[in-house]
Amino acid sequence: MTSNNTKNAVNKRYIQNAIDVLMFPLIAIVLGLFVAVFFVMWAKNLGFFDGVATLFSAIWEGTFGKRANFIETLVATTPLIFTGLAHSVAFRTGLFNIGVEGQFIMGMLAAALIGLIPGIPSFIHVILVLLGGVIFGAVWAAIPGYLKAKVGTNEVVNTIMMNFIAMNVSNYFVKGPIHREGSASSKMILESAQLYRFLGPSERVNIGLFIGLVLIFVIYWLLWKTTIGYELRAVGLNRHAAEYGGINSKKNIVLAMVISGAIAGLGGAVHVAGTIHKVHQLVGFTNYGFDGIAVALLAKSHPIGVLFSSLLFGGLNSSARILQKYRIPKQIVYIIQGIIIIFVAADYIYKWFKEKKKKEAIKNA
Amino acid sequence: MKKLIALMATLTLTVGLFSGCAKQESQQPQQPNKPQIRIGLATDEGGKGDKSFNDAAIAGLERIKAEYGIEPQIIESRSADDYEPNLTTLAADNDLIFGVGFKMADALKTVAQNNPDKKFAIVDSVVDLPNVASYVFKEEEGSFLMGVIAGKMTKTNIVGFLGGSKFELIEKFEAGFRAGVKAVNPKAKVIVQYANTFSDVALGYEIAKKMYNDGADVIYHAAGGAGLGLFNAAKEMKKWAIGVDSDQAVLVPDKADVILASMIKRVDTATYTAAKAAIEGTFKPGTIVLGLKEDGVGISKTINPAVPKEVIDLANKYKQAIIEGKFTVPSKPSEVDSFQAPQI
């Protein structure tokens, strides 16, 4: 009887926890859409209900409503899964790896370089391309990780600088050795290096999506079912406590950066090998790495959450196109995304106040 | 938590109620009966409001809208990855689809192949397909005339060229400009620098300032939004600048006093002509080259009063010579050194 009661209590607490965790992201999304309606009313000179109808039908059509758009939603989601996961691993270890963008670019570059090597059978070539992305991304992240662990330099500053280096290194190759005449991009990677497009060659969605889905579970397993993950999370929760418990925090900081960079690099390689088959000369960042910050924040740095939040952000990005078709400014989409982020941040503030209240209650008691 | 939800629900309903009242009976103007063609256009990352290339392309379709009442569907691209899906989306709904910018060539080729029954047009690049019209400009010819003006106006015998990014397209501006300077002032040196951006105004400003400090007194730019930084630097240091693509003295009126002239590139003519042809059923695929002769490039209407009449006349003489085919302006920087301008 008693054990049953405890079990119920545990279950109840579990559900309560889940509600607490999901509450704010869901409110954030609803509010984001709600505020966007007003901008649609303003832009299109419509009433409230017409605004709702216009916005939601456009977003629906742009995300899941039509086959072609649904495919593009999946295409837009794929890189965000990787960058979202990369950020999540870093967040869980108490690091802010803004360099995911640069690591993603290095992964793209690796794929473009290795993808041009002729005479390799397809199966091996694809694996080499992906492996190249992993290594380029991991090395690119290991540098600021090592500096943080050894000398204590701020990883935020270093990774931001590494982003610019990555962009220019990529541009050096794209404009130089692998430049395709008369274009602003590299040569197309060979067919043997391309990821399989399972809906036919003209539909851009590819098995990179499934690589991402599998990776979600791999990262979940890594973080919660292995010693490595336990140590990473321990360092993230409290570095000094972890040290006290015998965990080498320096090793784990480097490791977290390497894992984060490897995921980002893999994402870049998948993007090139699956979706675009070449690297563009970059005049600005690709933004996949930066969007990944939002994805990870909304997902509360949980791999399973990344699945849904990357789908949300990918869907919104993809529906920007359809909004414009109905002459709604694409900026509406960015407004929605911005508001979601603000409310997710508000969650952290709300928690901070709750903690403070609790502490005061303890003090007063 | 429950209170919060309740509050929000109340808020939603209340605001919804009031907003409902404001509903307006604005109907989209319909164009009944006449079976019309539909036109779509995808911009590059510059997007609407770049006061340059994309806006010029859209301006051509605005003229179509005024004349035929066809409102174009316009989709802006957020990054190069967007080109293909944007064009695909447009192709599903429209009969004539424009891709603006040479970077769209690959994507437009793919989409045009997938939609052989639709018509496509691309600006600044050549796509060799039976359903694509390609509009390219001889930017080097217009830039040559700017080079003539700069070469004549410089007192220090140093002039500058600020490029956006080292694309082959932008190198055509550089080559023409340098050839023009060489033709009228062989002693003058041209400092060339690429900003690697078409949007960073601050970087454009810094590069321009450095060039002016190095002795340049006239700078020509082909750097889109970064060129606005050039105008700021010119204004501050009281030096000369030359605009590009549109009549920039009109678009940036507060800097008009430092802008000698602008090299006009009639992207609007390209989109207007292609759309008009499609509407009237005379659309022809193939490559259409627009140079000085076709009035596709040229000198802006606004020329700074500081430019003496002789210089304008000289530029016009060169223009005439190019139109008559007396000489060819080099389109690659590597050809400038061996270029010999005829005496005029």
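In this simple spin-label model, placing a label point 7 Å from the Cα along the Cα-to-Cβ direction at both A:Phe49 and B:Met237 gives a separation of 6.3 nm. Comparing Cα centroids, the range A:81-105 and the range A:342-365 end up 27 angstrom apart.
P(r) for the range A:2-364, from all Cα pairs and a bin width of 10 Å, is 6, 21, 30, 25, 13, 4, 1, 0 %, short bins first. Annotation note: GluC sites (Glu not before Pro) in the range B:190-294 located in DSSP loop regions with a Cβ neighbour count of at most 13 within 10 Å are B:Glu280. Extension gain, A:Lys225-A:Glu181: 0.36 nm per intervening residue step, less the Cα-Cα distance, totals 10.8 nm. Entry comment: accessible area of the range B:252-330 is 47 Å² per residue, from protein heavy atoms only and a probe of 1.4 Å. If you bin the C-alpha pair distances of the protein assembly as shown every 20 Å from 0, what whole percents do you get? Once binned at 20 Å, the Cα pair distances of the protein assembly as shown give 16, 43, 32, 8, 1, 0. Charge dipole (Cα centre; +1 on Lys/Arg Cβ, -1 on Asp/Glu Cβ; no other charges) of the range A:2-364 amounts to roughly 760 debye. Once the 1.4 Å probe is applied to the protein heavy atoms, chain A comes out at 46 Å² accessible per residue. Label sites at A:Ile19 and A:Ile362, each approximated as a point 7 angstrom past Cα along Cα to Cβ, lie 2.5 nm apart. Largest mean-square fluctuation among A:Gly338, A:Gly246, A:Gly99, in a Gaussian network model of chain A whose springs join Cα atoms under 10 Å apart, belongs to A:Gly246. From the alpha carbon centroid of the range B:209-281 to that of the range A:1-57 is 49 Å.
The calculated P(r) of chain B, using every Cα pair and 20 Å bins from 0, goes 29, 48, 19, 4, 0 in percent. When 1/r is averaged over all different Cα pairs and the result inverted, which Kirkwood radius in Å belongs to the range A:94-171? By the Kirkwood definition, the hydrodynamic radius is 13.1 Å. Charge tally for A:Asn17 (other residues, Cβ to Cβ under 15 Å; Lys, Arg +1; Asp, Glu -1): +3. A cut-off under 13 angstrom between Cβ atoms defines the neighbours of B:Tyr212, and their net charge, with Lys, Arg +1 and Asp, Glu -1, is +2.
Residues of chain A were split at every exposed loop site, defined as chymotrypsin sites (Phe, Trp or Tyr not before Pro) in a DSSP loop with at most 16 other C-beta atoms within 10 angstrom, and the longest piece left, sites excluded, is A:199-325. The helix-based estimate of mean residue ellipticity at 222 nm for chain B, built from -39,500 (n - 2.57) per DSSP H run of four or more residues and divided by its residue count, is -13500 deg cm²/dmol to the nearest 500.
Kirkwood radius for the range B:67-146, taken over all pairs of different Cα atoms as the inverse mean of 1/r, rounds to 13.4 Å.
Amide H to amide H distances under 5 Å link B:Asn196 with B:Ser165, B:Lys166, where only residues 5 or more positions off or on other chains count and H is placed in the peptide plane. Chains B and A together bury some 3500 Å² of accessible area, summed over both sides, with a 1.4 Å probe.
Semi-axis lengths, largest first, of the ellipsoid equivalent to the range A:158-301 are 34, 20, 12 Å, with √(5λ) applied to each eigenvalue of the Cα gyration tensor.
State the answer as a single residue: which of A:Gly94, A:Gln331, A:Leu316 lies farthest towards the positive end of the charge dipole of the protein assembly as shown, with beta carbon charges of +1 for Lys and Arg and -1 for Asp and Glu, about the Cα centre. The Cα lying farthest towards the positive end belongs to A:Gly94. Relative to the 2.2 N^0.38 Å rule of thumb, the range A:1-153 has a C-alpha radius of gyration ratio of 1.56.
Its residue count N sets the reference 2.2 N^0.38 Å, and the alpha-carbon radius of gyration of the range A:65-105 equals 1.49 times that reference. With Cβ to Cβ distances under 14 Å as the rule, what net charge do the other residues near B:Gly163 carry (K, R +1; D, E -1)? Neighbourhood net charge equals -2.
Can you tell me the dipole magnitude for the protein assembly as shown around its Cα centre, using point charges on the Cβ only (Lys, Arg +1; Asp, Glu -1), in Debye to the nearest 20?
That gives the protein assembly as shown a dipole magnitude of about 2060 debye.
Rounded to the nearest 0.05, the FRET efficiency derived from the C-beta distance between B:Glu324 and B:Glu67 at R0 = 35 Å is 0.55.
Per residue, what volume in Å³ does the convex hull of the Cα atoms of the range B:148-306 enclose?
For the range B:148-306, the hull spanned by Cα atoms encloses 120 Å³ per residue.
Checking the cross-link pairs B:Lys48/B:Lys276; A:Lys330/B:Lys293; B:Lys209/B:Lys317; A:Lys44/A:Lys278; A:Lys278/B:Lys210 against a 28 Å limit on the alpha carbon distance flags A:Lys330/B:Lys293; B:Lys209/B:Lys317; A:Lys44/A:Lys278; A:Lys278/B:Lys210 as lying beyond it.
Residue by residue, the range A:290-304 carries 3J(HN,Hα) couplings of 6, 4, x, 4, 4, 4, 5, 4, 5, 7, 6, 6, 9, x, 5 Hz when phi is fed to the Karplus relation 6.51 cos²θ - 1.76 cosθ + 1.60 (θ = phi - 60°); x denotes Gly or Pro. Rounded to the nearest 10 square angstrom, B:Thr282 shows an accessible area of 80 square angstrom against a 1.4 Å probe.
The values are calculated or read from the model by the stated rules, or taken from the named source; none is laboratory data. Only a predicted model underlies this, so the values are computations on that prediction, with no experimental measurement involved. All Cβ positions, even for glycine, are placed from backbone atoms using ideal geometry, and neighbour counts span all protein chains on display. Side chains are part of the model used for accessible areas, which takes the heavy atoms of the whole protein and leaves out ligands, DNA and RNA. Shrake-Rupley method; radii C 1.70, N 1.55, O 1.52, S 1.80 Å.
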